[in-house]
Amino acid sequence: MNIKTIGVVGAGTMGTGIAQVAAMKGYNVILRDIKMEYVESSVTKMAKLLDKSVKKERITEIQKNDALDRITKTDKLEDFKDADLIIEAVLENMDLKKSIFSELNGICKEDTIFATNTSSMSVTEIASASGRPDRFCGIHFFNPVPVMKLVEVIYGMDSSKKTIEMALEFSLSLGKTPVEVKKDSPGFIVNRLLIPYMNEAARLLEEGVASVEDIDTAVKLGLNYPMGPFQMFDFGGIDLSVIISEYFRDEFNDLGYAPQLILKQMIRAGKTGMKCGEGFYKYE
Ligand code: CAA
């Protein structure tokens, strides 16, 4: 594997986590968002987390500074021209993802590998717009990226063996445990299981079977999950879970996947979770 420079498209929660982990493992990282202020804020968040690790004596001040020095901030896709691997972590919007990769195909080197961090959408469809479907795959991280050990490596219909091997090796080099998703299917493994379970929790709530707090307590103490489903809704964003549920409904042509009404009402009320200060719970 000859990967030295990673381009991360999107400096939101996932892009920030991916950039942080890659920089800590010695990769040069180019982090791009549409506005420099988003990238600045992303690197400030990273610096805060790394400061905590220094205080806990998990890393040294020098390691922290070296990692931050390896990150180049930009708002231009052109700055990815020397990247060896691109990981896209923008909003779950198929057209947006396709247009980014289509543009990158004209900017990047012939042998640059493209990967999407989509949590549920078709890797094959995104790859089809990239002009290099053989050098394309899914590399799906979990939130919070610095903590979660899993990476799903997803085969697009035309992903080459070499591309998949590179993605597996790269994931291992970040200290993650990759699993292979050999068939491109909505939600892959984890979200295929997680999203219907969360939607079912919303159904329990709508039916008045139990409260938000008691459903969360039941799952945490009865299944030993670190978070209950409503804590998870707030953590990942209710809006994102609705997008994924609707995607499943449409892709599988099965109304059983349709998001519960309460979730849509929460979004209409502007209560999408932690990021906006309120979801099923309130945050300071
Ligand atoms: N970024 C980086 N590190 C974080 C973090 C964040 N956002 N949040 C917590 N951490 C770190 C803390 O610094 C702490 O590290 P140390 O052990 O080194 O001190 C560690 O995680 C534990 O944190 P806390 O003690 O503050 O809190 P906790 O014990 O309640 O754990 C949690 C927090 C790790 C988030 C835990 O609640 C958890 O594992 N939740 C489930 C997360 C999960 O299921 N993620 C997958 C979501 S699905 C998904 O990601 C799919 C998708 O497509 C979007």
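Readers should treat all values here as calculations from the given coordinates under stated rules, not as data from a laboratory. Bear in mind that the values here come from a model prediction, so they are computed numbers and not experimental data. Don't worry about glycine lacking a Cβ; one is built from the backbone with ideal geometry, like all the others, and counts go over all protein chains shown.
Could you say whether any residue in the range 194-202 is under 30 Å from Ile139 (Cβ atoms), crowded, with 22+ Cβ neighbours inside 10 Å and in contact with an Asp or Glu (Cβ under 7 Å, 6 or more places away or on another chain)? Within the range 194-202, none of the residues are under 30 Å from Ile139 (Cβ atoms), crowded, with 22+ Cβ neighbours inside 10 Å and in contact with an Asp or Glu (Cβ under 7 Å, 6 or more places away or on another chain). Per the conditions (1) of a type outside the set (D, E, K, R); (2) touching a helix residue (DSSP H, G or I) at 6+ places or on another chain (Cβ under 9 Å); (3) more than 22 Å from His140 (Cα to Cα); (4) in a helix (DSSP H, G or I), the sole criterion not satisfied by Gly106 is (2). When Glu206 is tested against (1) within 16 Å of the ligand (Cβ to nearest atom); (2) more than 30 Å from Ile113 (Cα to Cα); (3) not aromatic (Phe, Trp, Tyr), just one condition goes unmet, and that condition is (1). Quick check, is Met14 part of a loop (DSSP other than H, G, I, E, B) and either of a type in the set (S, T, N, Q) or out of contact with any His (no Cβ under 7 Å at 6 or more places or on another chain) (or both)? For Met14, the condition - part of a loop (DSSP other than H, G, I, E, B) and either of a type in the set (S, T, N, Q) or out of contact with any His (no Cβ under 7 Å at 6 or more places or on another chain) (or both) - is not met.
Provide a single number: the residues in the range 61-96 that are outside any helix (DSSP H, G or I), within 15 Å of the ligand (Cβ to nearest atom) and farther than 30 Å from Ser120 by Cβ. Full working, then the answer.
Filtering the range 61-96 down to residues outside any helix (DSSP H, G or I) leaves 70-76, 81-93.
Now drop any that are not within 15 Å of the ligand (Cβ to nearest atom), which leaves 87-93.
Subsequent filtering for residues that are farther than 30 Å from Ser120 by Cβ retains none.
Adding up the residues that qualify gives 0.
Any chance the range 113-125 includes a residue that's of a type in the set (A, V, I, L, M, F, W, C), in a loop (DSSP other than H, G, I, E, B) and crowded, with 19+ Cβ neighbours inside 10 Å? Break it down into steps so the answer makes sense when it comes.
To start, the set of residues in the range 113-125 that are of a type in the set (A, V, I, L, M, F, W, C) comprises 113-115, 121, 123.
With the extra rule that they be in a loop (DSSP other than H, G, I, E, B), the set shrinks to 121.
Narrowing further to those that are crowded, with 19+ Cβ neighbours inside 10 Å: 121.
Yes - at least one qualifying residue is present in the range 113-125.
Which helices (runs of 4 or more DSSP H) does the range 157-231 wholly contain that include 1 or more residues that are hydroxyl-bearing (Ser, Thr, Tyr) and touching a strand residue (DSSP E or B) at 6+ places or on another chain (Cβ under 8 Å)? Lay out the reasoning, then the answer.
Working: elements: 161-173, 190-206, 212-223.
Of the helices (runs of 4 or more DSSP H) lying wholly inside the range 157-231, those with at least 1 residues that are hydroxyl-bearing (Ser, Thr, Tyr) and touching a strand residue (DSSP E or B) at 6+ places or on another chain (Cβ under 8 Å) span 161-173.
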